[in-house]
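Some notes on the structure that comes next.
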Amino acid sequence: MSDTQSVRGKRGESPQANRARWEERYKGGDLPWDNNRVVPFLARLVRTGVFQPPGPVLDLGCGPGNDARYLGKKGFDVTAVDLSAAALGIAATRLKRAGVLGRVRLVQANILELVRADVGAFMYGHDRGCFHCLAPRRRRLYPSVLHRLLRKGALFSLWTMGLDADREGGPYQIPAEEIRELFSTGFEVVSQIVSSGGSRSNEGGCPTCLCTLFRCS
């Protein structure tokens, strides 16, 4: 599989090349992760009252907007961020059709460059699959950037690919222990569970995934 087909960030890859790679994926429609549904992990958090409207919520790497759409329909105010203009175009269409475009602010940006705009703005954060696509060096920068964006006591839900779900060119498989270590400064783990299923209707269509809930300290 070529580098442009992979979703994994590469060591030494320029921001421009990274953006171009995602634009190519979304414009070409090669989106095996897009099941046009909310990820069940997030739905459980809303259904059980762990996440409560209106938020606000920061949706990191929102892609085609499935989770932002769900949150908007549940009464949350959402800022949905993605690197790809093409992804945000898909998201805007879905949000408009669902009647929630007014509740969701779409932002094209590199998530590691967000701190200037929204310091301490969010009560909740959510990442359905951005973190596990970052190259290791950039992944280490993510928690400190996120911490500055969230309020003290805010909750952050992180969905990552399970260790048995390796696919050529697919996201990085990050062990639970490594995730806890990366977020050890500024966050505490509320829960961390492995979810399994095996169909496109389950947690993101993966054999297993890791669902971690953090509290910003």
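Kindly list the residues of the range 170-184 that lie in the label zone of LYS152, defined by a backbone N under 19 Å from the point 7 Å along the Cα-to-C-beta vector.
184
Tell me, what is the FRET efficiency for GLU113 and GLN52 to the nearest 0.05, using R0 = 22 angstrom and their Cβ-Cβ distance as r? Intermediate values should be presented prior to the final figure.
Numbers: r = 29 Å, r/R0 = 1.32.
The formula returns an efficiency of 0.15 here.
Ordered by packing density, taken as the mean number of other Cβ atoms within 10 Å over each peptide's residues, highest first, how do 175-181, 145-151, 125-131 rank?
So the order, starting with the most tightly packed, is 125-131, 145-151, 175-181.
Excluding LEU150 itself, calculate the net charge of residues whose Cβ lies under 14 Å from the Cβ of LEU150, where each Lys or Arg counts +1 and each Asp or Glu counts -1. Don't skip to the end; give the middle numbers.
Values: positive: ARG148, ARG151, LYS152, ARG215; negative: ASP59, ASP118, ASP127, GLU188.
Within the 14 Å Cβ shell, the charges total 0.
Label points 7 Å out from Cα along the Cβ direction at SER217 and ALA135: separation in nm?
3.1 nm
Sort 64-72, 105-113 by the packing proxy (mean of other Cβ within 10 Å over each peptide's residues), most packed first.
Numbers: 64-72: 26.7, 105-113: 15.6.
For the peptides 64-72, 105-113, the packing ranking is 64-72, 105-113.
Could I have the simple spin-label model distance between SER184 and ARG97, label points 7 Å from Cα toward Cβ, reported in nm to one decimal?
4.5 nm
Bear in mind that the values in this text are calculations on the coordinates, not laboratory data. All figures in this text were calculated on a predicted structure; none of them were measured in a lab. All Cβ positions, glycine included, derive from the backbone under ideal geometry; neighbour counts span all protein chains shown.
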